[in-house]
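These notes concern the structure reproduced below.
The values are calculated or read from the model by the stated rules, or taken from the named source; none is laboratory data. Bear in mind the structure is a predicted one, so any value in this text is a computation, not a measurement. Backbone-built Cβ (ideal geometry, glycine too); neighbour counts: all protein chains shown. For the accessible areas, the whole protein counts, side chains as well, though only heavy atoms, and no ligand, DNA or RNA atoms are used. Shrake-Rupley method; radii C 1.70, N 1.55, O 1.52, S 1.80 Å.
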Amino acid sequence: GQDAIMAIDNLLSPVFYSNPEKLSEEERNIVYIEELEREVNNGGFSQFFFNSSGDYTEELIQALKKIGSTKFLQLVESAVAEFPNSHVPKDRSERQEILDSIEDRADPVWDALDAEFYKYEEDIYALMLAYISNNIRKFR
């Protein structure tokens, strides 16, 4: 499943970064989840929030709900809970200012969540493939 999802993401991501409106909501949902994976696997939740991927935290949460994730959804929601009022600003510079002020408290929590994430206790690829297959007409 992972190879198939990566192949699909390789087609969708470049479109997303140049012109997200060209993608259906279903296609964007896959990109949001793959962004999460890329960033967390690369530098943890702190990197996910620091980079532009954090702009789409709200959309990511909705995407995880739509594919039927429970474990990854819970990890993301726990990571988000470190922000004041569990609100992750869409604006990157605003978000980075908040990160500066919360990182001492949040980093240990995020490190623990990263470790949980890396276990892949849920087959996120199977969930994404089932979602794609159930919405195949929305995928080009």
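Could you list, in sequence order, the residues of the stretch 1-32 that are in a loop (DSSP other than H, G, I, E, B) and either among the β-branched types (Val, Ile, Thr) or without any contact (Cβ under 8 Å) to a residue 40 or more places away in the chain (or both)?
ASN19, LEU23
Looking only at the stretch 115-135, count every residue that is over 16 Å from ALA63 (Cα atoms), surrounded by 12 or more Cβ atoms within 10 Å (Cβ to Cβ) and out of contact with any Leu (no Cβ under 8 Å at 6 or more places or on another chain) and tell me the total.
Residues in the stretch 115-135 being over 16 Å from ALA63 (Cα atoms), surrounded by 12 or more Cβ atoms within 10 Å (Cβ to Cβ) and out of contact with any Leu (no Cβ under 8 Å at 6 or more places or on another chain): 2 in total.
Sort through GLU58, GLU39, GLU82, GLU35 and tell me the only one that's more than 24 Å from ALA4 (Cα to Cα) and part of a helix (DSSP H, G or I).
Result of the check over GLU58, GLU39, GLU82, GLU35: GLU58.
How many residues, within the stretch 22-34, are acidic (Asp, Glu) and open to solvent by less than 20 Å² (accessible area, probe 1.4 Å)?
Qualifying residue count for the region: 2.
Based on what the data block shows, is LEU73 part of a helix (DSSP H, G or I), open to solvent by less than 20 Å² (accessible area, probe 1.4 Å) and either without any contact (Cβ under 8 Å) to a residue 12 or more places away in the chain or under 23 Å from GLU121 (Cβ atoms) (or both)?
no
Conditions tested, residue by residue: (1) open to solvent by 40 Å² or more (accessible area, probe 1.4 Å); (2) more than 13 Å from the chain's Cα centre (by Cα); (3) of a type in the set (D, E, K, R).
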{"residue": "PHE16", "(1), (2), (3)": "no, yes, no"}
{"residue": "PRO20", "(1), (2), (3)": "no, yes, no"}
{"residue": "GLU39", "(1), (2), (3)": "no, no, yes"}
{"residue": "GLY44", "(1), (2), (3)": "no, no, no"}
{"residue": "PRO89", "(1), (2), (3)": "no, yes, no"}
{"residue": "ARG95", "(1), (2), (3)": "no, yes, yes"}
{"residue": "ASP104", "(1), (2), (3)": "yes, yes, yes"}
{"residue": "LEU113", "(1), (2), (3)": "no, yes, no"}
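Would you point out which residue out of GLU34, GLU77, GLU39 is in contact with a Phe, Trp or Tyr (Cβ under 6 Å, 6 or more places away or on another chain) and either among the small types (Gly, Ala, Ser) or under 30 Å from ASN134 (Cβ atoms) (or both)?
GLU39
Residue check, SER52 against (1) in contact with an Asp or Glu (Cβ under 9 Å, 6 or more places away or on another chain); (2) surrounded by fewer than 17 Cβ atoms within 10 Å (Cβ to Cβ); (3) free of Cβ contacts under 8 Å to residues at least 40 places away in the same chain, all met but one. Which one?
(3)
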